[in-house]
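Heads up, the thing below is written out as structure tokens.
The values are calculated or read from the model by the stated rules, or taken from the named source; none is laboratory data. Quick caveat, the model's predicted, so the values are computed rather than measured. Here the Cβ positions follow ideal geometry from the backbone for every residue, glycine too, while neighbour counts run over all protein chains shown. To get the accessible areas, we keep the full protein, side chains included, count just its heavy atoms, and leave off ligands, DNA and RNA. Shrake-Rupley method; radii C 1.70, N 1.55, O 1.52, S 1.80 Å.
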Amino acid sequence: MVKFIHTADLHLASPFQGLTKVPGQLWQRVYDSTFVAFQKIVDAAIDERVDFVVITGDIYDGERKSIAAVNFFNEQLGRLADRQIPVFLCYGNHDFQPVTATNQSLPANTHVFGNQVATVDFKLTDGSRVAVTGFSYGQRWIEQDVAKQYPIKGPVDWQIGLLHGAPYQAGADNHYAPFTVAELESKHYDYWALGHIHKHQQLAAAPPIVYSGIPQGRHKNEAGSHGYYLVHSQGSRLVPEFKPVAGIGWRTVNVNLDDCQNQPAVDRAIAQAATADAAGQLQLCAVRISTSQPRWRLLVENDGLLSHLQARLGMRESIDWWPYQLTLAACAQPTNLPALDQQYWDRAQAAVFTPENLAAVIKPLVKHQPLYDQFIDHQDLTEFKQRAVDLINERENHQDEN
């Protein structure tokens, strides 16, 4: 038997985006959330008595890491060291750095992969041999296919690849160690522990090629479940099991206020929608209001309703949800253009609204490279599509009026 934890993209001390006018007690909980998520992962490693832990890049949010984040990370690695649990880690595009024998002050149980692909092999207590292969980013962008340098599986019982990168996309910039699934499969490893993509997912099952995702989402485009993978052997294969740990969730809720006759009814309707199925998480909410009542529409448009809700919640000792945005729901119709066939509109959307096209538009406007990287990592095409629909509808309505 072999059992280990795969995590990545911790982004310790990363700032949350899109939050304003947050009360002090809520701000502290938000700030602590990336630390708490990793501490839960370490707790699980100890409780599960795993054989080792792998961390595939972006431990920190930038190359200038805070002292608090470094100290916390070292403390958590120390907890694993106390239980004789080895840690194998690499750095990614956010925390890239030259790795030398003298610039890594981590506990003795921790192996940091250098800037060239290398393999470490060791024996478990049952005598089985494990090999872990990986490398760390020495610069922000790595455009070459580093996966080519990974060796074929050696004479070991289990071989695991650590790779912080993104699947190759034709016509895209491919800045992050691009690879193909077929290429990884050709190495005959037993598990690929991927980092960089913040949504947990499996690209293949045999062997598992897995993004663990970010343990704690930090902005509205990182909604959904976040955590790590607990991986264990089952016969001759490794089986990953996703484990959620995020203490804060991002969600968009839709609320219809047509039946609300007074302010308390409005407050209850929004609170119920925001906290439904919260599972103990603090919910950070973008609320979309639909209503035909002019007074509620006006309160949304002038930000009066948002200010009211935030003021009420800010007075509570315990906050279980927080509205960071309140908007009127967009028109449900895809478009009002009578001459535009829906089929061709759908094709146009698929061709125009792509990550590559968005990056090409944004790149000349964002001169500061880290800001460009941050934007591309966090882009959400849904909002751009909806805004295009709104503009088309506005133009058509204007033409009808004239």
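Take the range 262-316 and flag every residue that is assigned to a loop (DSSP other than H, G, I, E, B) and of a type in the set (Gly, Ala, Ser).
Ala276, Ala278, Ala279, Gly280, Ser292
For the range 138-178, give me the residue count where each residue is β-branched (Val, Ile, Thr) and over 30 Å from Met1 (Cβ atoms).
Total meeting the criteria: 2.
So Leu282 clears everything in (1) free of Cβ contacts under 8 Å to residues at least 24 places away in the same chain; (2) under 19 Å from the mean Cα position of the chain (by Cα) except one condition, right? Which one?
(1)
Given the range 68-130, what strands (runs of 3 or more DSSP E) lie entirely inside it while holding 1 or more residues that are closer than 14 Å to Phe52 by Cβ and touching a residue at least 40 places away in the same chain (Cβ under 8 Å)?
By residue number, 87-90.
I'm checking my understanding of the structure. Among residues of the range 227-268 that are surrounded by fewer than 18 Cβ atoms within 10 Å (Cβ to Cβ) and hydrophobic (A, V, I, L, M, F, W, C), which one is farthest from Gln201 (Cα to Cα)?
Selected residue: Ala265.
Just give me the residues in the range 43-85 being open to solvent by 20 Å² or more (accessible area, probe 1.4 Å) and at positive phi, in sequence order.
Answer for the range 43-85, where residues must be open to solvent by 20 Å² or more (accessible area, probe 1.4 Å) and at positive phi: Arg49, Gln84.
Quick one: would you say Phe122 is buried (at least 18 other Cβ atoms within 10 Å of the Cβ), in the same structural domain as Arg49 (by the TED database) and of a type in the set (A, V, I, L, M, F, W, C)?
no
Within the range 196-203, identify whether any single residue is surrounded by fewer than 20 Cβ atoms within 10 Å (Cβ to Cβ), more than 28 Å from Phe35 (Cα to Cα) and more than 15 Å from the chain's Cα centre (by Cα), and answer yes or no.
no
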